[in-house]
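Input: a single structure, listed below in structure tokens.
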Amino acid sequence: MREMTPREVVAELDAHIIGQDAAKRAVAIAIRNRWRWRQLDAVIRKEVTPKNIIMIGPTGVGKTEITRRLATLTGAPFIKIEATKYTEVGYYGRDVESMVRDLVEASIKLVETSKRIEVEEEAARRVEDRLVDLMAPLTPEWDSASTDEENADESAERHARTQEKFRKKLRAGDLEERVVELQIESRNSPVQMFSNMGMEQMDVDFQSMFEKIVPKQSQERTVKVCDARKILLEQEIENLLDKDAVNEEAIALAEDTGIIFVDEIDKICSGEGGSSQADVSRQGVQRDLLPIVEGTNVQTRYGTVNTSHILFIAAGAFHRSKPSDLMPELQGRFPIRVELTDLTRDDFIRILTEPTSSLTKQYEALLATDNIKLQFTKDGLESMADIAYQVNQSTQNIGARRLHTIMERLLEEISFEAPDMKKTTIKVDATYVLDKLKEVVENEDLSRFIL
């Protein structure tokens, strides 16, 4: 985990997300506390648990983006899950423990990526040796066992010189189009017969078990050297990686730094107006979620994972319910509550211009590939912000996502015609924006369906 101060975390988040300072400060402190926890003595470390967070705010204001960017900054394993999917199937819904298994899978990918970099140099050296052996194999006439000692030495030297010539040509890139034959192993695992729902309940690594039982099958492929290098590199990296070490490190990483983002948590609240059957299902999901947030051991195919120090960040709009509608025990496990505010007209202007990969910069880059230069003027940006704010207020408020629909509608014609247009500059000013969007904005029924 990267060592970052809360101020540095907030500054990094500011580069991508506009406003919501309270939420940024809360998650920045939570991440710093993770680092502080790792510095503690082992005795007291067991007693310190992460302070989980609930973000309260309407859709499109940055709840998910803050958490996703946070995980990227810290290099922590991160997953986003929807609380509602645990009410879709069956009485209690999908197995709630599957979120921990998903986190471990994300952690495995992070560790494997890191380990691949460490072994890549050695793997590349081995690939070069294998390619040289493929192009200059040891033939019977060079086999020391088939000749007397003097001729054997001479044959070995001649073979070594031949291989060295091929090695130099290979390094110079002169043999990339040459064809070689590879033996590639493949396995047909009967695990594929099981559905995902069935496998989800299984704690044993059946995949590895069947791979050991089913015999390896090899097939010959004739490929160019440039393609063979990629295939062999994957094989060598796979051989160099210590799977057990990767699994152990990934489980430790998930336990100590993992972040689970539980979205739509308000949908499993037992609010007013819900049916009794739905309430039972929601209560069941909360009861299943409680021990995981509280800290328990979950069996995965890679080993046992303890969830005591995983950071949970929940989020919801809470339009028809409130955090106090959650089970008291679950409420107590989310001591930090942060309210995210609705986006204003000025926020929309900042969103269009300030982030390092703002919407306007994205569209400028996209259309530049067709030699179309977009030029957004100040009054044009203000008009887009006005329209986004107005439509959000008069119809459903979807936050910053409204800007995506407006930009698509605004640039629809240019995006279609761009490949057939000559190199040109298009100025997107207030007149242009109103010309393209005036009819839709003035007709509220059209706004509901188009914007």
**OP:** Could you tell me whether the stretch 328-339 includes any residue that is in the same structural domain as A15 (by the TED database), free of Cβ contacts under 8 Å to residues at least 12 places away in the same chain and either under 16 Å from A83 (Cα atoms) or buried (at least 16 other Cβ atoms within 10 Å of the Cβ) (or both)?
**Re:** yes
Original post:
Can we say D379 is in contact with a helix residue (DSSP H, G or I) (Cβ under 7 Å, 6 or more places away or on another chain) and more than 30 Å from G316 (Cα to Cα)?
Top reply: yes
Original post:
Is there any pair linking a residue in the stretch 385-401 that is closer than 15 Å to T59 by Cβ and without any contact (Cβ under 8 Å) to a residue 60 or more places away in the chain to one that is open to solvent by less than 70 Å² (accessible area, probe 1.4 Å) and of a type outside the set (G, A, S), with Cβ under 8 Å and at least six apart or on different chains, and which?
Top reply: A388/F348; A388/R402; A388/L403; A388/I406; N392/L343; N392/I398; N392/R402; T395/L451
**OP:** Would you please list the contacts, defined by Cβ atoms under 6 Å and residues six or more apart or on different chains, that run from a residue in the stretch 281-292 that is open to solvent by less than 30 Å² (accessible area, probe 1.4 Å) to a residue that is in a helix (DSSP H, G or I) and aromatic (F, W, Y)?
**Re:** V285/Y86
Subject >> Any helices (runs of 4 or more DSSP H) falling wholly within the stretch 158-250 and containing at least 1 residues that are in the same structural domain as E120 (by the TED database), open to solvent by less than 40 Å² (accessible area, probe 1.4 Å) and at pLDDT 75 or above >> reply: 225-240
Original post:
Quick one: which helices (runs of 4 or more DSSP H) sit completely within the stretch 4-108 and have at least 2 residues that are farther than 24 Å from V305 by Cα?
Top reply: 6-14, 21-38, 63-74
Original post:
Taking the stretch 57-78 on its own, how many of its residues are hydrophobic (A, V, I, L, M, F, W, C) and open to solvent by 20 Å² or more (accessible area, probe 1.4 Å)?
Top reply: 2
Original post:
Is it true that A418 is closer than 26 Å to T64 by Cα, out of contact with any His (no Cβ under 7 Å at 6 or more places or on another chain) and part of a helix (DSSP H, G or I)?
Top reply: no
Original post:
Of everything in the stretch 365-409 that's among the β-branched types (V, I, T) and part of a loop (DSSP other than H, G, I, E, B), which residue is surrounded by the most Cβ atoms within 10 Å (Cβ to Cβ)?
Top reply: I398
Subject >> Residue in the stretch 289-304 that is more than 27 Å from R401 (Cα to Cα) and of a type in the set (D, E, K, R) present >> reply: yes
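The values are calculated or read from the model by the stated rules, or taken from the named source; none is laboratory data. What you are looking at is a predicted structure, and each value in this text was computed from that prediction instead of being measured. Note that we place each Cβ from the backbone using ideal geometry, even for glycine, and neighbour counts take in every protein chain shown. Areas reflect the complete protein model, heavy atoms only, side chains present, ligands, DNA and RNA absent. Shrake-Rupley method; radii C 1.70, N 1.55, O 1.52, S 1.80 Å.
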